[in-house]
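Peer 1: Take this structure first; my questions come after.
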Amino acid sequence: MKCNMDLGQEGPVSMPCSMHKTHCLIRLTEYNKFAYSSSSLFIDFSKAFDMVDHKILLHKMYHYGIRGNAHQWIKSYLSDRQQYVSVNGSESTRRNIEYGVPQGSILGPLLFVIYINDIPEISHFAKFILYADDANIIITGSSIAEIEDQITSLSAALIHWVKSNGLLLNLKKTQYMIFSRGRLTNNFIVSIDNTVIQQVNEARFLGVIIDDKLTWSSHIKTLKSKMARYVGIMYRIKKLIPLNVRLQIYHSFVQC
């Protein structure tokens, strides 16, 4: 899915922009709910922000129309960065940083999204939901067998894209889930780069627990447990702190 940004004439960037997480979750639910059968592949990038190749990133930004002073500014922002270790006043040798975007910065997540923006081009049948370093690939079909064939094709293209862009997949944390209106007589094995991917009945995506029946039961149960814990703490300390402080705690940890 795309959220177009006017970055030039070369084409839109399929990034979240100001898209809220809720919108991403709604799209994920709709894709899986209205298909007869579907599978969601929850991608986990290993050290995502640290693996960004500056040359590839700058090339992609140029392609998307970010040129001139803006392009030079980003290049300057990424270049000539150094890192070292300091322990008790002793410093290690300084090393230039040739990969990665600054974590904890405002630009970091945006630059990473630009970096992975072209991943949807690996498939014409799959749907992609990208939010910073959280990625979900949804494959729909008329049968489980059709989905299995599509995933086999997608897996090869995914690995090629990942390696071409200098990224790594954490295949131990990558998971897949099957949604189906029909009864599942047997589940197929998903393998990426000769590694079997774990099939799950529920997964956490963008802070929400999604189950293969889209009931939200596990997520609601988790929220109830979390709220009960905070309410219990507030009850025990209610005589120690004023009402306005208790309200701040409630709005910060319970109501949100």
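Peer 1: Conditions: (1) over 25 Å from Asp133 (Cβ atoms); (2) crowded, with 16+ Cβ neighbours inside 10 Å. Ala203 meets all but one. Number of the miss?
Peer 2: Among (1) over 25 Å from Asp133 (Cβ atoms); (2) crowded, with 16+ Cβ neighbours inside 10 Å, the lone unmet condition for Ala203 is (1).
Peer 1: Quick one: which of Lys47, Lys127 is assigned by the TED database to the domain that holds Val190, charged (D, E, K, R), on the phi > 0 side of the Ramachandran plot and surrounded by 11 or more Cβ atoms within 10 Å (Cβ to Cβ)?
Peer 2: Lys47
Peer 1: Is at least one residue of segment 53-68 at pLDDT 90 or above and among the small types (Gly, Ala, Ser)?
Peer 2: yes
Peer 1: Does His59 meet the test of being exposed (fewer than 13 other Cβ atoms within 10 Å of the Cβ), in the same structural domain as Phe179 (by the TED database), closer than 23 Å to Val162 by Cβ and free of Cβ contacts under 8 Å to residues at least 40 places away in the same chain?
Peer 2: Judged against the criteria, His59 is not a match.
Residue by residue, here is whether (1) more than 24 Å from Phe125 (Cβ to Cβ); (2) at pLDDT below 85; (3) not small (Gly, Ala, Ser) holds:
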site	(1), (2), (3)
Gly141	no, yes, no
Thr152	no, no, yes
Gly166	yes, no, no
Lys172	yes, no, yes
Phe179	no, yes, yes
Asn201	yes, no, yes
Ser218	yes, no, no
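Peer 1: Among (1) surrounded by fewer than 17 Cβ atoms within 10 Å (Cβ to Cβ); (2) of a type in the set (A, V, I, L, M, F, W, C); (3) touching a helix residue (DSSP H, G or I) at 6+ places or on another chain (Cβ under 8 Å), there is one condition Ile189 misses while meeting the rest; what is its number?
Peer 2: Tallying (1) surrounded by fewer than 17 Cβ atoms within 10 Å (Cβ to Cβ); (2) of a type in the set (A, V, I, L, M, F, W, C); (3) touching a helix residue (DSSP H, G or I) at 6+ places or on another chain (Cβ under 8 Å), Ile189 fails exactly one: (3).
Peer 1: List every residue pair whose Cβ atoms sit under 6 Å apart, with the two residues 6 or more apart in sequence or on different chains, where the first one lies in segment 81-97 and is without any contact (Cβ under 8 Å) to a residue 60 or more places away in the chain and the second, anywhere, is among the hydrophobic types (A, V, I, L, M, F, W, C) and not in a strand (DSSP E or B).
Peer 2: Filtered contacts from segment 81-97: Arg81/Ile97; Gln83/Ile97; Ser92/Val85.
The values are calculated or read from the model by the stated rules, or taken from the named source; none is laboratory data. Predicted model only: the values in this text are computed from it and were never measured. Ideal geometry is used to build each Cβ from the backbone, glycine not excepted, and the neighbour counts take in all protein chains shown.
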